[in-house]
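Trainee: Please read through the structure below; I'll follow up with questions.
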Amino acid sequence: MSGAPGPERLAERMTDRRHQVLMAGLSEAGLYGLDPEDGEAVRALVDRLDEPTVRRVAHWLSVAGGRR
């Protein structure tokens, strides 16, 4: 038995990571205290976008919030 996580766990970790990146971008844009509806929208994006796309969206949010 190896110490490497299984494919399901790896996929879950990547989803969690994309969620974290997108939430950080929203915070940098000044959006805090999201409603449950907003949380659902973030989850929907995370489920549909790959890591580079999520990072790009987070970058746009960061720039919109005045950070570069």
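Trainee: Could you tell me which residue of the stretch 24-40 is nearest to M14 (Cα to Cα), considering only residues that are of a type in the set (D, E, K, R) and open to solvent by 80 Å² or more (accessible area, probe 1.4 Å)? Talk me through it step by step, then tell me what you get.
Mentor: As a first pass, look at the stretch 24-40 and keep what is of a type in the set (D, E, K, R): 28, 35, 37-38, 40.
With open to solvent by 80 Å² or more (accessible area, probe 1.4 Å) added as a condition, the list becomes 35, 37, 40.
Details: D35: 24, E37: 22, E40: 18 Å.
Among residues in the stretch 24-40 that are of a type in the set (D, E, K, R) and open to solvent by 80 Å² or more (accessible area, probe 1.4 Å), the one nearest to M14 (Cα to Cα) is E40.
Trainee: Take E12 and tell me if it is modelled with pLDDT of 90 or more, out of contact with any helix residue (DSSP H, G or I) (no Cβ under 8 Å at 6 or more places or on another chain), assigned to a helix (DSSP H, G or I) and exposed (fewer than 13 other Cβ atoms within 10 Å of the Cβ). I'd like the intermediate steps shown before the answer.
Mentor: Numbers: modelled with pLDDT of 90 or more: no; out of contact with any helix residue (DSSP H, G or I) (no Cβ under 8 Å at 6 or more places or on another chain): yes; assigned to a helix (DSSP H, G or I): yes; exposed (fewer than 13 other Cβ atoms within 10 Å of the Cβ): yes.
So E12 does not fit the description; no.
Trainee: Just name the residue that is surrounded by the fewest Cβ atoms within 10 Å (Cβ to Cβ) out of those in the stretch 41-68 that are outside any helix (DSSP H, G or I) and within 12 Å of the chain's Cα centre (by Cα). Walk me through how you get there before you give the answer.
Mentor: Step one: list which residues in the stretch 41-68 are outside any helix (DSSP H, G or I), which gives 49-50, 65-68.
Filter once more, so that each one left must be within 12 Å of the chain's Cα centre (by Cα): 49-50.
Values: L49: 15, D50: 10.
By that ranking, first place goes to D50.
Trainee: Only residues in the stretch 36-49 that are over 11 Å from H19 (Cβ atoms) count as the first member; pair them with residues that are open to solvent by 40 Å² or more (accessible area, probe 1.4 Å), Cβ under 9 angstrom, at least 6 apart or cross-chain, and list the lot.
Mentor: D38/L31; A41/L34
The values are calculated or read from the model by the stated rules, or taken from the named source; none is laboratory data. Only a predicted model underlies this, so the values are computations on that prediction, with no experimental measurement involved. Note that each Cβ is placed from the backbone with ideal geometry, even for glycine, and that neighbours are counted across all protein chains shown. Areas reflect the complete protein model, heavy atoms only, side chains present, ligands, DNA and RNA absent. Shrake-Rupley method; radii C 1.70, N 1.55, O 1.52, S 1.80 Å.
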